[in-house]
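Each remark here refers to the structure printed beneath this line.
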Amino acid sequence: EDESENTITLVLLRNPWGSFEWKGDWSDASDLWTDELKESVGFVDRDDGAFWMSYTDMRKYFTNIDVCKIDDSYSY
């Protein structure tokens with residue numbers, strides 16, 4: 001919830017090329033994050049291609065996305 005107690009849906013996205021991260025609201029550098037919220041979602045501030053953004057912004061800025069499951073135990 002934000003300061004006005006409105007529910008905000010956040011999504012964690014990953015750029016598979018790792019060369020771009022979102023710079024808007026809920027990005028790694030956003031002032032909207034609280035320590036409590038960071039801990040509850042497992043927030044990590046790294047330049048790794050993974051980034052958080054609101055679902056509303058995701059729908060606004062992306063017309064296509066691919067959904068996949070990453071499993072670290074998978075071997076090729």
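As I understand it, the dipole of the chain uses +1 on the Cβ of Lys and Arg and -1 on the Cβ of Asp and Glu, about the Cα centre. Which of Tyr74, Trp26, Ile8 lies farthest toward its positive end?
Tyr74
Tally up the carbon and sulfur contribution to the accessible surface of segment 1-66 as a whole percent, 1.4 Å probe, everything protein left in place.
For segment 1-66, the apolar C and S fraction of the accessible surface comes to 45 percent.
Please state the shape class of segment 31-76: rounded when a/c is under 1.5, otherwise prolate if a/b exceeds b/c and oblate if not, all from the C-alpha gyration tensor.
Taking the square roots of the gyration eigenvalues as a ≥ b ≥ c, segment 31-76 is oblate.
Net charge within 14 Å of Trp17 by Cβ-Cβ distance, Lys/Arg positive one each and Asp/Glu negative one each, not counting Trp17 itself?
Net of charged neighbours comes to -3.
Counting pairs of alpha carbon atoms under 8 Å apart in space and at least six apart in sequence, what relative contact order in percent does the chain give?
With pairs under 8 Å counted, the relative contact order is 38 percent.
Ignoring everything except DSSP H segments at least 4 long, calculate the 222 nm mean residue ellipticity for the chain; use -39,500 (n - 2.57) per segment, divide by total residues, nearest 500.
Per the formula, -4500 deg cm²/dmol.
Among 38-45, 61-68, how do they line up by average Cβ neighbours within 10 Å per residue, starting with the highest?
Packing proxy ranking, top to bottom: 38-45, 61-68.
In the neighborhood of Ser27, defined by Cβ-to-Cβ distances under 15 Å, what is the net charge if each Lys or Arg adds +1 and each Asp or Glu adds -1?
Overall, the nearby charge balance is -3.
Per residue, how large is the accessible surface of the chain? Use a 1.4 angstrom probe and give square angstrom.
So the chain comes to 87 Å² accessible per residue, rounded to a whole number.
The values are calculated or read from the model by the stated rules, or taken from the named source; none is laboratory data. The structure presented is a predicted model; accordingly, all values stated were derived computationally and were not measured. Cβ atoms come from the backbone with ideal geometry, glycine included; neighbour counts cover every protein chain shown. Ligands, DNA and RNA are stripped out before the accessible areas are found, and what is left, the full protein with its side chains, is counted by its heavy atoms. Shrake-Rupley method; radii C 1.70, N 1.55, O 1.52, S 1.80 Å.
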